[in-house]
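A.B. asks: Quick one: the structure is below, and I'll ask about it shortly.
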Amino acid sequence: MTGTNGHQASDPLKEIETRLFINGEYVESSNGKAFGLLSPKTHAVVAKVFEASEEDVDRAVASAKAAQPAWAALTVEERSSCFKKLAALVREHNDELARLEALSMGKPVSTFIDGPAFSWLFDYYSESGYDVQGTSSLNMPGFVNLTFRQPYGVVGVIIPWNVPLLFFAKKAAPALAVGNTVVLKSSEKAPLAASITNPTRVYLLTFKQSARIGHFIKEAGFPPGVINIVTGFGNVSGSVLSHHMDVRALSFTGSTRTGRLIQQASSKSNLKPVFLELGGKSPAIVFEDADLEAAAQATQYSVQTNSGQTCMATSRVYVQDTIAEKFIALFKEKFGPVKVGDPTLKETNHGPQADKVQYENVLKYLEIGKKDGKLIMGGNPDSRENGYFVAPTIFTDTPEDSVIMREEVFGPVVNINIFKTEEEVMAKANNTEYGLYAAVFTKNIDRAMRFAKGLEAGTVGVNCTSPTTGKDTPFGGYKGSGLGREGLHHSLDHFLETKSSLDLA
Ligand code: NAD
């Protein structure tokens, strides 16, 4: 078994095992293939992860297909009880799940919002079956016209590594609530919290009980086959799932590159509807009349949180010329003193990049930034720690056509550029293939409204960069940032077909 980054695995008996969860059972991959997951902090193997084969995905889909009619036939109360129990079990095991994420992708335990978000969403959707309503009309003489909403059947869910449990719940919970069954593919970079299934003795010594989502799914009462989890690499299990003829709808969060492949897979197979939450290169615009302290705090938080590995990170900050010097000083003051360190320790709030690939990718962008722009802070691996740590980095005066201004860096890196007029900054902010998020900081309400209207983004924050995901505003992207909107009741539509029925009266 080789590691994801080419390292040799250590003694597999000392590792956590992550198996597939199919038809209510933990299983190894049919071909026995597995890889060693490496810690981004210590570079040691922390888990053995079985890789689902095409045959395994087929089995998972078949089991979801077989389970779906009986699941859809349950009452909302019966389904609801499984949702509430699963939410409670995850809440109870929050600290263990946080530690698993720290081990796999380096997220500091102090910043682990994933478990609480998972439980909140499963609780929220537990009774959403009641929101599924059709319509009726008597407008055609001789007929009663009825409209039903029905589940698709088997829904595929593919999630990224940066907030795995949040995306698990955001997609699987609404799909299940309205009577679909699910095959979920976890990310190869962070498979532990979403799919750990068979912890070894060493793991059990660390925790009294094991945080096993598959185990919780069973304990909560979900019948076998209703939720299946496959692990492994995107080009195998993800691709098979998105091409599968029996997967009738697919919800994906990840990069724009993979989103394109998923849309192609749909067009080459059964034209399944695909819902795509993709990458971003979000602008934040700071006008001279803004509360500069608050603007610096919000934009710094946006780029620093999860070590810059968030889709909404305001990685392009445009600041008006008259206040540029003051704003940059404030930003620097807040960006500098983050507590970098071991993500399993409570005092850490800045962990390593998720893995070697992510880390080297960020370093490549730092070199581009140094060549094209002016380095103000950072620009290197973080010398304070071993592991894949990148120092919080600020560039200014970077040309708009530089690669670092156009591509998603996914690291603690910000480009701060200066503007003079509204027209100029609106054009610059919109000059991107992405359109996930944008923010404007000003006390002028008319200007705020002009920018809320004019910025090409699925969400525009006015005097804030706070994420709204999981709450009741629809979330999603313009342009290359996605297709469709997610969020509470908005998500239910993704997972329901509409049928018209004309009945002779
Ligand atoms: P990724 O696209 O590399 O991988 C996402 C998932 O897709 C993984 O499970 C991966 O195994 C799978 N995959 C890879 N190739 C595939 C293929 N050919 N067919 C099917 N599945 C495949 O993205 P990532 O690196 O895991 O996540 C980071 C990206 O996700 C960033 O671009 C980020 O902006 C984006 N993201 C977007 C949102 C949002 O809400 N818009 C939220 C979080 C992350």
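Read-outs throughout are calculated quantities, based only on the coordinates presented, and are distinct from any laboratory measurement. Note that this is a predicted model, so its numbers are computed, not measured. All Cβ positions, even for glycine, are placed from backbone atoms using ideal geometry, and neighbour counts span all protein chains on display.
A.B. asks: Considering only the other residues whose Cβ falls under 13 Å of the Cβ of Val157, what net charge follows from Lys and Arg at +1 and Asp and Glu at -1? Working shown, then result.
C.D. replies: Numbers: positive: Lys170, Lys171, Lys185, Arg248, Lys272; negative: Glu277, Glu486.
Summing Lys/Arg as +1 and Asp/Glu as -1 gives +3.
A.B. asks: Quickly rank 19-27, 123-131 as a protection proxy: mean count of other C-beta atoms within 10 Å, highest first. It would help to have the intermediate numbers written out before the result.
C.D. replies: Values: 19-27: 21.1, 123-131: 18.9.
Final packing ranking: 19-27, 123-131.
A.B. asks: A follow-up question, please. For the chain, what does -39500 (n - 2.57) per DSSP helix run (n ≥ 4), summed and divided by total residues, give at 222 nm, in deg cm²/dmol to the nearest 500? Mind showing how you got there, number by number?
C.D. replies: On the way: 17 runs with 180 residues, N = 505.
For the chain, the value works out to -10500 deg cm²/dmol.
A.B. asks: OK, next. Could you tell me whether the stretch 325-405 comes out rounded, prolate or oblate from its Cα gyration tensor? Rule is a ≥ b ≥ c as square roots of the eigenvalues, rounded for a/c under 1.5, then prolate if a/b exceeds b/c, otherwise oblate. The partial results should precede the final answer.
C.D. replies: Values: a/c = 2.79, a/b = 1.34, b/c = 2.08.
Oblate is the answer for the stretch 325-405, as a/c is 1.5 or above yet b/c matches or exceeds a/b.
A.B. asks: Rounded if a/c is under 1.5, else prolate if a/b beats b/c, else oblate: with a ≥ b ≥ c from the C-alpha gyration tensor eigenvalues square-rooted, which is the chain?
C.D. replies: Values: a/c = 2.00, a/b = 1.23, b/c = 1.63.
Taking the square roots of the gyration eigenvalues as a ≥ b ≥ c, the chain is oblate.
A.B. asks: Which listed residue (Pro474, Cys464, Met449) has the Cα farthest towards the positive end of the charge dipole for the stretch 441-482, taking +1 on Lys and Arg C-beta and -1 on Asp and Glu C-beta about the Cα centre?
C.D. replies: Highest projection toward the positive end goes to Met449.
A.B. asks: Right, next: If contacts are Cα pairs under 8 angstrom and at least 6 residues apart, what is the relative contact order of the chain in percent?
C.D. replies: Details: 1220 pairs, mean separation 91.2, N = 505.
Worked out over the chain, it gives 18 percent.
A.B. asks: Looking at this model, which pairs from Lys170/Lys339; Lys268/Lys364; Lys364/Lys428 are more than 27 angstrom apart at the alpha-carbon? Walk me through the intermediate numbers first.
C.D. replies: Values: Lys170/Lys339 30 Å; Lys268/Lys364 35 Å; Lys364/Lys428 24 Å.
As for pairs spanning more than 27 Å Cα to Cα, those are Lys170/Lys339; Lys268/Lys364.
A.B. asks: Here's a follow-up. Which of the listed residues, Ser491, Ala391, Gly24, is farthest toward the dipole's positive end in the chain, when Lys, Arg count +1 and Asp, Glu count -1 at the beta-carbon?
C.D. replies: Value: Gly24.
A.B. asks: When the dipole is taken about the Cα centre of the stretch 408-505, and only Lys, Arg (+1) and Asp, Glu (-1) are charged at their Cβ, what size is it in debye, to the nearest 20? The partial results should precede the final answer.
C.D. replies: Values: 10 positive and 12 negative charges, 75 e Å.
Roughly 360 debye for the stretch 408-505.
A.B. asks: Given the chain, what percent of its DSSP beta bridges are antiparallel, to the nearest 5? Mind dumping the intermediate values first?
C.D. replies: Values: 30 of 72 bridges.
So the antiparallel bridges in the chain amount to around 40 percent.
A.B. asks: Quick check on the stretch 103-171: take the gyration tensor over C-alpha atoms, sort the square-rooted eigenvalues as a ≥ b ≥ c, and tell me if it's rounded (a/c under 1.5), prolate or oblate. Before the final figure, lay out the partial values.
C.D. replies: On the way: a/c = 5.61, a/b = 3.15, b/c = 1.78.
It comes out prolate by the Cα gyration axes.
A.B. asks: Placing +1 on the Cβ of each Lys and Arg and -1 on the Cβ of each Asp and Glu in the stretch 82-191, which of Ser137, Ala175, Ser126 has its Cα farthest towards the positive end of the resulting dipole?
C.D. replies: The residue sitting farthest along the positive end of the dipole is Ser137.
A.B. asks: Hey, another quick one. Quick check for me: using +1 on Lys/Arg Cβ and -1 on Asp/Glu Cβ, what's the dipole size of the chain about its Cα centre, in debye to the nearest 20? All intermediate terms of the calculation are to be shown ahead of the outcome.
C.D. replies: Values: 51 positive and 55 negative charges, 81 e Å.
About 400 debye.
A.B. asks: So what's the net charge close to Val303: Lys and Arg +1, Asp and Glu -1, counting the other residues with Cβ under 13 Å from its Cβ? Intermediate values should be presented prior to the final figure.
C.D. replies: Working: positive: Lys281, Arg316, Lys332, Lys334; negative: Glu408.
Net charge around Val303: +3.
A.B. asks: Please arrange Met405, Met426, Met140 by counting, for each residue, the other beta carbons lying within 10 Å of its beta carbon, fewest first. All intermediate terms of the calculation are to be shown ahead of the outcome.
C.D. replies: On the way: Met405 23, Met426 20, Met140 10.
Starting with the residue having the fewest Cβ neighbours, the order is Met140, Met426, Met405.
A.B. asks: Here's something else I'd like to know. Note down the net charge around Leu330, summing +1 for each Lys or Arg and -1 for each Asp or Glu among other residues with Cβ under 13 Å from its Cβ.
C.D. replies: Details: positive: Lys326, Lys332, Lys334; negative: Asp291, Glu293, Glu325, Glu333.
Summing Lys and Arg as +1 and Asp and Glu as -1 gives -1.
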